[in-house]
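In what follows, a single structure is set out as structure tokens and then discussed.
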Amino acid sequence: MKHLLLTIIAISFLNSQTINLAVAANASSVVNELIKSYKKNHKNIKFHIAVGSSGKLSAQIINKAPYDIFLSANETYPKELKKRGIGVGESIIYAKGALALFSTKDSNISLNSLTSQKIKKIAIANPKTAPYGEAAKEALINLKLYNKLKPKFIYGQSIGQTLIFTLKAANIGLVAKSQLFSKELKKYKKGKNWIEIDSNLYNPISQAMLLLNSKQEVKEFFQFLQSKEAKDIFLANGYKE
């Protein structure tokens, strides 16, 4: 009877293996697609996803948050974690992000339109905590628009919050291109509602991930995120080669 009970507990554990992901806000939509694809052959694996700015997620990891994999919006945070002795192996770039200028209004959208008096509020991610905010700041500085536009900014603490501000509180926003490929936002069209910002205006957004747990099921999913199948999913969701 005792052995039977232990067997039932073991089977229950195997059937409820959970991988805890810390995911930068720009990747929240694509991660769901990646998980859906992965679970076709790994039906017993469950996932718990925590979404936020890379800076805040990194701080949580430093404070012992029980995440298994960290998908950051840049290389800096995973490398800083490694310097602290956190993580298994080195960080790996899983995708390259792109910036977009987005408005829910149909218009001839352009960066030059940001100086218009009609544009009262511009949503931008906080450059101190969100890599996409840092990239947006760089782009506007290179266009010599940053100081002119600063009074119009409303800051999101993550690129996810920035998107919400763009949809509900601002006239326009600088968001992650990948966010515009979600099912909810595909109705907004390139050229009318959004344009991709020239990537020469900001440093490359090389998004890195870090393995935080050496459990077998975690390592296998980490390997999947480096596969051609995963790469194709990233590319189909607005990321760059």
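Each value in this text was obtained by applying a stated rule to the coordinates, not by laboratory testing. Quantities reported herein were computed from a predicted structural model and do not represent experimental measurements. Using ideal geometry, Cβ is built from the backbone for each residue, glycine included, and neighbour counts are taken over all protein chains shown.
When you filter the trypsin sites (Lys or Arg not before Pro) in segment 33-108 for DSSP loop state and at most 14 other Cβ atoms inside 10 Å of their Cβ, you are left with K39, K40, K43, K64, R84, K105. Seen from I49, the other residues with C-beta closer than 14 Å to its C-beta sum to a net charge of +1, counting Lys and Arg as +1 and Asp and Glu as -1. Look at the alpha carbon pairs under 8 Å that are at least 6 residues apart: their mean separation over the length of segment 99-201 gives a relative contact order of 45 percent.
Over the chain, what is the relative contact order in whole percent, taking alpha-carbon pairs under 8 Å and six or more residues apart?
Once divided by the residue count of the chain, the mean separation gives 29 percent.
Karplus-derived 3J(HN,Hα) values for segment 225-232, using 6.51 cos²θ - 1.76 cosθ + 1.60 with θ = phi - 60°, are 5, 9, 7, 5, 4, 5, 4, 5 Hz; glycine and proline are entered as x. Projected label points at I86 and I154, each 7 Å from Cα along the beta carbon direction, are separated by 3.1 nanometres. Rounded to the nearest 10 degrees, the angle from helix 131-142 to the longest Cα principal axis of the chain is 20 degrees. A simple spin-label model places pseudo-atoms 7 Å from Cα toward Cβ; at L143 and S199 they are separated by 1.8 nm. Can you find, among Q157, N193, Q216, the residue farthest towards the positive end of the dipole of segment 129-241? Put +1 on the C-beta of Lys and Arg, -1 on that of Asp and Glu. Highest projection toward the positive end goes to N193.
If you place +1 on the Cβ of every Lys and Arg and -1 on the Cβ of every Asp and Glu, how big does the dipole about the Cα centre of the chain come out, in debye to the nearest 20?
Working: 36 positive and 16 negative charges, 141 e Å.
About 680 debye.
Taking the Cα centre of segment 125-226 as origin and assigning +1 to Lys and Arg Cβ atoms and -1 to Asp and Glu Cβ atoms, the resulting dipole is close to 500 debye. Label separation (K120 vs I49): 3.4 nm, computed from points 7 Å beyond Cα along the C-beta direction.
Springs join every pair of Cα atoms under 10 Å in this Gaussian network model of the chain, and among P204, P151, P127 the largest mean-square fluctuation is at P151.
Report summary: the helix-based calculation at 222 nm, which adds -39500 (n - 2.57) for every DSSP H run with n ≥ 4 and divides by the residues of the chain, gives -10000 deg cm²/dmol. Of all DSSP-defined beta bridges confined to the chain, some 50% are antiparallel rather than parallel. Under 12 Å from the Cβ of L99, count the other residues' Cβ atoms, weight Lys and Arg +1, Asp and Glu -1, and hand me the total. Its environment carries a net charge of 0.
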